[in-house]
Every structure is written in C-alpha cells, then in structure tokens.
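Read-outs: derived from the displayed coordinates by stated rules, not from any lab. Note that this is a predicted model, so its numbers are computed, not measured. FYI the Cβ positions are ideal-geometry reconstructions off the backbone, even for glycines, and counts take in every protein chain you see.
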Amino acid sequence: MKSKDIFWGVVLVGIGLLFLLRNFDIIHFDWYTFRTLWPVLIILLGVALLPINGFIRLLLTFLIVIGSIFFISGDNDKNTSFFRFPEKFSWDLDKNDQEETAWSKQQLYESFNPGISNAILQLEAVAGKFETTLTEDYLLKFEKEGNLGKYELTREEAGSSVILNLNIKEGRIKRVNNFNKAVISLHPDPVWDIAMDAGAADVDFNLEPFKVERLEIDGGAASIKIRLGSLTDSTNIRIDTGATSILIEIPESSGCEIHTSTILTSHELDGFIRKKNNVQQTENFDESTKRIFIRIDAAISSFIINRY
C-alpha cells in the first residue's frame with residue numbers, strides 16, 4: 001500500500017474521530033473558530049505531495065493537527081475550551097452567560113417602498129441554518145430562533161436603491177451548542193444583490209421567485225443549496241468556500257457558464273461542454289437571452305449542478 005494512501009486514511013480517520021467526540025460533547029470547539037482553520041486542509045494536502053519519507057510525512061501531519069488543537073483550546077478571546085466534561089459534570093453558568101446563551105426568537109422587518117428598484121442585502125450568517133422565502137408585505141422580514149445572539153438590521157438609501165445590513169450583535173460564539181435557524185423573506189419586486197458571510201452555515205436559498213442580479217457567498221465549512229430563476233437577463237454567482245458541499249439548481253432554458261478553481265473537488269455537471277481549462281458552458285449558452293455566470297473557488301467540495 002502506498003504511503004500517501006495511508007496518510008489520507010489517517011487524516012480522514014482523525015477528522016472523523018474529532019467530530020464524533022464533539023457530537024458526544026466530550027471535546028469542544030466552536031464553528032466560528034473551526035472556520036478559520038480550513039486552510040490547514042490545504043497544508044495537509046501539500047504535506048501529502050511532498051517527496052519525503054512516509055514516517056516524516058505522518059509526523060508532520062501529527063504536529064500540524066496538534067498545533068491546530070492548541071490554537072482552538074488557547075483561543076481565550078472567544079472563551080472556548082477544547083476539552084469539555086459531559087453536561088452532567090459541568091459547572092453552573094453565571095447569570096450573564098445564561099442570558100447570552102439562552103434560546104430565543106427574534107423578528108426584524110423593513111417596510112417596502114414601491115419606489116425601491118434595487119436592494120442590496122449584506123448578511124452575516126456565522127452558523128446555523130438559513131432559508132429564503134417570499135413576502136409581499138415587507139421589503140425584508142427576518143425571523144430567527146437560536147442561542148447564537150441577536151441580530152440588528154440597518155438601512156441606507158441612495159436614490160432608488162437601498163442597502164440592508166443584517167449583522168449579529170454579539171461578535172463571538174461562546175459554546176459548541178450555539179446555533180441559529182433563520183428564515184429570510186424577500187419582496188419579489190426589486191432587483192436583489194446578496195452578499196453573505198456564511199461561516200459554517202447550512203444555506204438553503206430558493207431564489208426562483210426573485211430578480212437576483214448577484215449572489216456572493218463566503219464561507220469556511222458549509223452546506224450550500226441554491227435554486228435560481230430566470231427573472232433577470234444576467235445572474236452572477238460567486239462562491240468562495242473551504243470544505244463545502246454545493247448544489248445549484250438552474251432553469252434548463254437559461255444559458256450557464258461555470259468557472260471553477262478547486263482542490264480535491266468532485267463535479268457533477270451534466271449538460272455542460274468544456275470550453276477551456278476550468279470553464280464549462282451549457283449547449284444553449286450562446287443563443288440564450290437569460291444567462292447565469294457561476295464562479296466556484298473551493299478547497300474540498302462536492303459540486304453538483306442540476307437543470308430543471
């Protein structure tokens with residue numbers, strides 16, 4: 001057996017055990033901190049490709065993993081502790097800690113003005129599950145429940161355009177069980193421009209009913225599912241992620257061009273023709289009046305495009 005096969009087997013077993021122990025609440029790390037460590041996967045890939053002795057390769061891997069654990073456990077600014085006793089052995093939280101981590105619900109609204117033709121949404125997701133739906137009563141309605149912290153919504157206007165900033169108030173995640181579930185309702189009339197800091201979020205955006213001109217998602221480790229419509233002549237999608245599974249659904253009548261810059265990524269791109277290195281197009285791209293441009297920059301991903 002090749003030493004590189006053994007190397008990746010050890011890496012995958014180690015990562016699996018790490019998440020298993022986390023799920024049993026034996027060790028602790030928060031998603032926000034883990035998000036910052038995804039470049040370690042690229043470093044491990046580089047170590048695997050180095051022409052060095054197998055034992056040295058495994059030793060370097062061990063040192064990198066231990067260094068990452070030390071970084072997580074020593075991140076005092078986020079008030080995290082890597083090793084954690086099960087709940088029945090834990091100490092009581094003080095009153096302030098209980099208030100900050102209590103499960104709660106929150107609703108934020110922005111009224112709709114028929115004079116608004118363009119809307120820009122800048123969203124900070126961090127962690128949790130985020131979905132979209134339609135509303136005709138508001139420009140934006142945000143409903144969330146969880147214990148990650150409260151959000152604040154600010155608005156800036158520039159003529160017929162409006163900029164909506166939806167950010168979390170508390171800037172840190174204190175415990176492994178911090179989680180939000182949010183539904184973002186959008187009005188169908190304006191042309192939307194959405195920029196999202198996904199963190200370790202599970203993103204499920206059904207954008208078929210909306211005029212989406214641009215969508216940008218930056219994330220560390222996330223699951224991303226997007227369904228696009230054909231209400232604009234041109235839609236630009238950019239996804240810059242670490243370790244992610246990506247599913248994008250596009251109308252069969254729309255032409256689509258995909259640029260990919262990925263490492264260790266599995267592709268399922270039925271109905272696409274390779275034009276040049278890392279660029280693929282649908283057969284109907286040149287004659288289509290509706291076009292979708294997708295750019296994917298990912299480290300380790302599963303990337304699927306479905307046409308409906």
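What is the extension gain from ALA195 to ILE56, computed as 0.36 nm multiplied by their sequence separation minus the C-alpha to C-alpha distance, in nm to one decimal? Contour length minus Cα-Cα distance gives 45.8 nm.
With each label modelled as a point 7 angstrom along the Cα→C-beta vector, the ILE43-LYS181 pair spans 3.6 nm.
For the range 205-217, backbone phi angles converted through the Karplus equation (6.51, -1.76, 1.60; θ = phi - 60°) give residue-by-residue couplings of 9, 8, 9, 4, x, 10, 8, 9, 8, 8, 9, 10, 10 Hz, Gly and Pro being listed as x.
Note down the net charge around LYS275, summing +1 for each Lys or Arg and -1 for each Asp or Glu among other residues with Cβ under 13 Å from its Cβ. Walk me through the intermediate numbers first.
Details: positive: ARG274, LYS276; negative: GLU257, GLU283, ASP286.
Within the 13 Å Cβ shell, the charges total -1.
Between ARG307 and ASN206, residue separation times 0.36 nm minus the direct Cα-Cα distance comes to 34.9 nm. For the pair ASN236 and ASP270, what calculated FRET efficiency results from E = 1/(1 + (r/R0)^6), where r is the Cβ-Cβ distance and R0 = 22 Å, to the nearest 0.05? Here the calculated transfer efficiency is 0.50. With the simple model of a label 7 Å out from the Cα in the direction of the Cβ, GLU287 to ILE64 spans 4.9 nm.
List, in the order given, every pair from LYS105/LYS211; LYS141/LYS290; LYS105/LYS141; LYS150/LYS181; LYS141/LYS169; LYS169/LYS211 whose Cα-Cα distance in the structure shown is over 23 Å.
On the way: LYS105/LYS211 29 Å; LYS141/LYS290 29 Å; LYS105/LYS141 13 Å; LYS150/LYS181 12 Å; LYS141/LYS169 18 Å; LYS169/LYS211 29 Å.
Going by Cα-Cα distance, LYS105/LYS211; LYS141/LYS290; LYS169/LYS211 fall outside the 23 Å limit.
The label point for GLU124 and the one for SER111, both projected 7 Å from the Cα toward the Cβ, are 2.7 nm apart.
Dipole check for the range 105-307: with +1 at the C-beta of Lys and Arg, -1 at the C-beta of Asp and Glu, and the Cα centre as origin, the magnitude is about 640 Debye.
In the range 236-301, what percentage of the DSSP-assigned beta bridges are antiparallel, given to the nearest 5?
On the way: 7 of 23 bridges.
For the range 236-301, the DSSP antiparallel bridge percentage is about 30.
Scanning residues 5 or more positions from ARG295 or on other chains, those with amide H under 5 Å from its amide H are ILE237, ARG238, ILE239, HIS259, with H placed 1.01 Å from N in the peptide plane.
Among 200-210, 230-240, sorting by the average number of other beta carbon atoms lying within 10 angstrom of each residue, highest first, gives 200-210, 230-240.
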